[in-house]
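All of the numbers you see were taken from the coordinates with simple rules; none came from a lab. A quick note: this is a predicted structure, and the numbers were derived from the prediction, not measured. Cβ: placed from backbone, ideal geometry, glycine included. Neighbour counts: every protein chain shown.
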Amino acid sequence: MAAGISQHGMWSSKLGFVLAAVGSAVGLGNIWRFSYVTAENGGGAFVLVYLLAVLSVGLPLMIAEVLIGRAGRESPINTLIDLARESKASPAWSLIGWSGVVAGLLILSFYCVIAGWTLSYTVTYAQSMFAATPAIANPGEHFGALTSSTSSLLFWHFVFIVLTIGVVARGVEKGIEAAVRFMIPSLFLILVSLVIYGMTTGHFGTALTYLFSPDFSKVTGSTLVAALGQAFFSLSLGMAGLMAYGAYVPDKASIPRLAGIICAADTGVALLAGMAIFPLVFAFSLDPHTAGPGLVFVALPNAFAQMQFGNLYGLAFFVLLAFAAWSSTISILEGGTAYLVERGLSRWLAATLLGGFAGIVGIGSVLSFTVWSEVRLADRNILDFTNFIASDLMLPLGGLAIATFAGWVLAEPLRRNQLADISDTSYAIWKGLCRYVAPILIALVFASGLGLFG
Ligand code: PFF
């Protein structure tokens, strides 16, 4: 068993880890990505497949990632090297950690572009906080102006990169824990109040039908790939991010219970976000299928423009969205940074090098809105392509490898010790999910996504 303390520090308590992990999981993925990916995939059928993916693949994998992290108590790459050695397996399993770092940097590269929009909106709403007229009177135009200005996009993108580096460089414990303790409950409250507002629009029923009544004729191979990709992205799985956070979890904490709380909180926020956003989409006659990534940035400001105290609401919403995104980007950068620290770099240098690299790669995503908007890779613009490769391909493949490592490769005492609090039956179920269900489902979904079943 690894020593009970990580050289990088520890969460102050179980709650500290839950908040940090919920902070990692809850982000743009729940609000921005979930809403438009659901819309692109036909609504209810997608939501149902998504929930199945969370239960059958997401939860067991989250347990596996945190367990591996706590068993090794180092950065994911070194943890995997050590655990593979202790399990008499090949050190090549550390490739999971490397691919996690690469996927993370790719995700960070475009995530900060979108997260930058939340900062820009925050400033706009703050400037008109107490004004009687709406801060954003014409959301469609406002969004168009922002996303067609290369300099604004670049500016906000790099501000977000710098903010992320700043926190990771200082070490995550005090900064993140203190921040998420305030951010997560506030985000929840704001979302609930937006859901309540959604109920008053007269379109709540349409939204519920849209979200929860599945039309199975819409389920295709690509729906399955998108649902699985969304589950991995939203739960922060498949790139060893929660493995990195798992290294700082106290010995006594029950990993399955913590993972259950995180999955439930993450799914709850995504569904609430859907119930907040779609009534507005229908109320303002937006077409959910064509709005794409602009959905949240156009639909919600439309509502804020008509609500009493709409500017304050808008400010609160975008501040919290920015915080939610921030607590996610921090977790994306942590694993790679911890590795470079173990190689002897200072935290500042490590975080700056990796964050700076992601920032530069992200310029491609920025330009995909402006001068490179015509560039197409596999029928997608640069941002969508990066998102597809990292989220829909690399995360599930990383998850497949992690499930295989946890279920088949890791020495029995190593994994059983980490799950000492659960019964033999529960343990057998978890192992079966990791050994058979998760890998087979991921492989099948891939095969169908790649069109292998015609
Ligand atoms: N889960 C985050 C979200 O839903 O916005 C995104 C994310 C964070 C993905 C951390 C991967 C990760 F390791």
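Please quote Rg/Rh for region 1-154 to two decimal places, taking the Kirkwood radius as Rh and restricting both calculations to Cα atoms.
Ratio of gyration radius to Kirkwood radius: 1.08.
Where in the chain are the DSSP H helices whose C-alpha atoms run 27 Å or more along the long axis and whose mean Kyte hydropathy is at least -0.5? Can you show the working numbers first?
On the way: long enough: 95-127 (47 Å, 1.35); 150-170 (30 Å, 1.69); 173-199 (39 Å, 1.41); 255-283 (42 Å, 1.76); 310-342 (48 Å, 1.16); 347-367 (30 Å, 1.52).
Helix filter hits for the chain: 95-127, 150-170, 173-199, 255-283, 310-342, 347-367.
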With Rh as the Kirkwood radius over Cα pairs, region 318-454 has Rg/Rh of 1.06
Cα-Cα P(r), region 177-222, percent of pairs per 10 Å interval: 22, 29, 25, 22, 2
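Return the tail of the calculated pair distribution for region 356-409, meaning the percent of Cα-Cα pairs more than 18 Å apart. All intermediate terms of the calculation are to be shown ahead of the outcome.
Numbers: 675 of 1431 pairs.
The share of Cα pairs beyond 18 Å in region 356-409 comes to 47 percent.
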Which net charge results when you count Lys and Arg as +1 and Asp and Glu as -1 among the other residues whose beta-carbon is under 14 Å from that of PRO256? +4
Give me the net charge of ALA428's neighbourhood, meaning all other residues with Cβ under 14 Å from the Cβ of ALA428; Lys, Arg count +1, Asp, Glu -1. +2
Any idea what % of Cα-Cα pairs in region 239-289 are farther than 17 Å? 56
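About its Cα centre, what dipole magnitude does region 137-290 give when the only charges are +1 on Lys and Arg Cβ and -1 on Asp and Glu Cβ, stated in debye to the nearest 20?
Dipole magnitude for region 137-290 comes out near 340 debye.
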Percent of Cα-Cα pairs per 10 Å bin, from 0 to the last occupied bin, for region 158-257, please list those. 11, 23, 33, 25, 9, 0
Shape of region 251-375, Cα gyration tensor, a/c cut at 1.5: oblate
Using Cβ contacts closer than 10 Å as the measure, can you line up TYR111, TYR210 from fewest to most? TYR210, TYR111
Return a single number: how many Lys pairs in the chain, at a sequence separation of 8 or more or on separate chains, have alpha-carbon atoms below 29 angstrom apart. 7
Along the principal axes of its C-alpha atoms, what lengths does region 112-202 span, in descending order and rounded to whole Å? 45, 35, 23
Over all alpha-carbon pairs in the chain, figure out the percentage whose distance exceeds 38 Å. 19
Starting from the Cα of PHE155, step 7 Å along the direction of its Cβ; do the same at SER423; then give the gap between the two resulting points in nm. 6.1
Taking 37 °C and 0.692 mPa s as the conditions, I'd like the Stokes-Einstein D for region 6-89 in µm²/s, using the Kirkwood hydrodynamic radius from alpha carbon pairs. 213
Surrounding charge for SER35, neighbours by C-beta under 15 angstrom, Lys/Arg +1, Asp/Glu -1, total -2
Convex hull volume per residue in cubic angstrom - Cα atoms of region 322-394: 109
Inter-probe distance in nm under a simple model that places probes 7 Å from Cα toward Cβ, at GLU342 and LEU444: 3.5
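Could you work out Rg/(2.2 N^0.38 Å) for region 222-316, with Rg from alpha carbons only?
Expressed relative to 2.2 N^0.38 Å, the Cα Rg reads 1.43.
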Extent of region 81-143 along each principal axis, from alpha carbon coordinates, in Å, largest to smallest? 68, 21, 10
Any idea what the dipole of the chain comes to, in debye rounded to 20, about its Cα centre with Lys/Arg Cβ at +1 and Asp/Glu Cβ at -1? 700
Run the numbers on the chain and let me know its relative contact order in percent, using alpha-carbon pairs under 8 Å that are six or more apart. 36
